[in-house]
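Below is one structure, written out as structure tokens, with a few remarks after it.
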Amino acid sequence: MARGGGGGGRGVNLKDKLDGNELDLSLCDLSEVPVRELAALPKATILDLSCNNLISLPSDFCSLMHLVKLDLSKNRLQQLPLDFGRLVNLQHLDLLNNRLVTLPVSFAQLKNLKWLDLKDNPLDPVLAKVAGDCLDEKQCKQAAVKVLQHMRAIQSEQDRERQRKLQAEREMEKKREAEQRAREAQERELRKREKAEEKERRRREYDALRAAKQEMEKQTKKETVQTRKPSSNSRPPQPPRHKHSWSRSVLRLLLFMLLCVLCTLAVCKLTELQHQPLCISVNTLYEDVVAALQNHKTLQNMLHQNSQQ
């Protein structure tokens, strides 16, 4: 015996409620839907769950895809499962007198829905205006058509928004990839430049070392040649030139001083400047020098005569 849970604890025998393809579970004080037991009765395409205490439907309720007519009126449903649109064979749906505000977007997938009653629900004003009244067969059929159109528009808008977000994400990803490629290219260029600079620096160091080595070899060769020259040359070493140059410089200086003295003496003896104090001193010095030389000569003669005697 299959049983459904009820708020009043009363067991429900589903087979006793089944009449042909119609299963009547109304007024059973249900607070939960016995989905597993219902799934075992696929021939029950018409299901009446009206006048119970249902607050919500379980997510696996949408696996009952064999349902064609569903009555959920006069419960306390606050929302329908997000994948309610999986009930694609549903043609007749009664949601009278519940606590629904909105419908899931998947509601747009109920392509076979022909009849819909949403009266006595605190619907969103836009949805309530779209649904309109369901006072007769015609109005309920119009409600099904208009609500499906409305929900399809919402689904399309959400799909477009999703596509825009996806496109934006793709563009952002492309931008990030481009930036990453640019950074990698910049890093490669930087590494290439640094490698070239390092190579140039090593080349300069190599050239400098090579030039220094060649200069050192030249210097060593030159010193070797200079060291071998005295042994291979039989001529005596020449006296240093700087001493000879110094002697000549001293001789030139003495001759210049003698010339200056003679010129000064000539000026003081032969010109009108002989009466000037400087010339008087020069002339007096000259006469003293001459007298001293004469005395020196006389003394030499006397000494010479004495030596002969």
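Within segment 28-58, being surrounded by 17 or more Cβ atoms within 10 Å (Cβ to Cβ), of a type in the set (Gly, Ala, Ser) and more than 23 Å from Gln78 (Cβ to Cβ) holds for one residue alone: Ala44. Checked against (1) under 23 Å from Cys134 (Cβ atoms); (2) modelled with pLDDT under 95, Leu14 passes all but condition (1). Here the condition is being farther than 21 Å from Val130 by Cα and either assigned to a helix (DSSP H, G or I) or in contact (Cβ under 8 Å) with a residue 60 or more places away in the chain (or both); of Leu57, Leu23, Leu38, Leu67, it holds for Leu38 alone. Whether a residue is open to solvent by less than 10 Å² (accessible area, probe 1.4 Å), at pLDDT 95 or above and touching a His at 6+ places or on another chain (Cβ under 9 Å) was assessed, and Leu95 does not pass this test. Checking each residue of segment 132-155 against the condition of being small (Gly, Ala, Ser), without any contact (Cβ under 8 Å) to a residue 40 or more places away in the chain and surrounded by fewer than 18 Cβ atoms within 10 Å (Cβ to Cβ) gives at least one match.
The values are calculated or read from the model by the stated rules, or taken from the named source; none is laboratory data. Owing to the predicted nature of the structure, the values given are computational and were not obtained by experimental measurement. Glycine gets a Cβ as well: all are built from the backbone with ideal geometry, and neighbour counts include every protein chain shown. We work out accessible area using only protein heavy atoms, side chains counted, and drop any ligands, DNA or RNA first. Shrake-Rupley method; radii C 1.70, N 1.55, O 1.52, S 1.80 Å.
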